Amino acid sequence: MKRFLLFSVFLAACVSVRAQDVRSPSSGQTVYLPVYSSMVFGNLSRGGVPSRVLLSAMVNVRNTDPSRTIRLTSVKYHDSTGKLLREYLKAPADVAPLSTREFFVELHDDAGGAGASFLVRWQAQTPVSPPLLEAIHANLDSARGVVFVTQGVPVLSP
């Protein structure tokens, strides 16, 4: 079990580490981050329903700029239909150079479904290295440990 868990964490880390182009400096973006509060697996039951496992998600907003602060202006969590479930920020929040801000979706919170997402808006006073947004999904409650990572992509602001 312990070896499988370590292998799963190692595999998730390897999959998320890949060569990326240097991103152009920006003074703000809206970033879409896919998040899974549950996932289906295995075979269909006799009733035609697949097995389902709940997942927690740790959302990280990493300021990759070594010298300038960014400001988070909105961190919204949406379900599989696009319905807003929660705004995580009550007021704008600064993220210092090379620091990280975390947001957590609990394991028992399955309202988002398999197609949940975060929309994160950030801004800076001058162009900066854009932040890295990742969600680490996990369920380590059973003999089948599940761990994987998703990354955000910039989208056009509505």
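Annotations
- Cα pair distances exceeding 15 angstrom across region 70-158, given as percent: 66
- The calculated FRET efficiency for Ser24 paired with Glu102, based on their beta-carbon distance and R0 = 30 Å, is about 0.70.
- Share of carbon and sulfur in the accessible area of region 18-57 stands at 52%, probe radius 1.4 Å.
- Under Karplus coefficients 6.51, -1.76 and 1.60, residue-wise ³J(HN,Hα) of region 51-58 in Hz, glycine/proline x: 5, 9, 10, 7, 10, 8, 9, 9
- If you plug the beta carbon distance of Arg68 and Val155 into 1/(1 + (r/R0)^6) with R0 = 22 Å, you get a FRET efficiency near 0.45.
- Each stretch of four or more DSSP H residues adds -39500 (n - 2.57); spread over every residue of the chain, this sum gives -3000 deg cm²/dmol at 222 nm.
- Surface analysis of region 41-158 yields an accessible area of 55 Å² per residue, using protein heavy atoms and a 1.4 Å probe.
The values are calculated or read from the model by the stated rules, or taken from the named source; none is laboratory data. Computed from a predicted model, the values in this text were never measured in an experiment. In this analysis, Cβ positions are derived from the backbone assuming ideal geometry, glycine residues included, and neighbour counts consider all displayed protein chains. All accessible areas refer to the heavy atoms of the entire protein, side chains included, with ligands and DNA or RNA removed. Shrake-Rupley method; radii C 1.70, N 1.55, O 1.52, S 1.80 Å.
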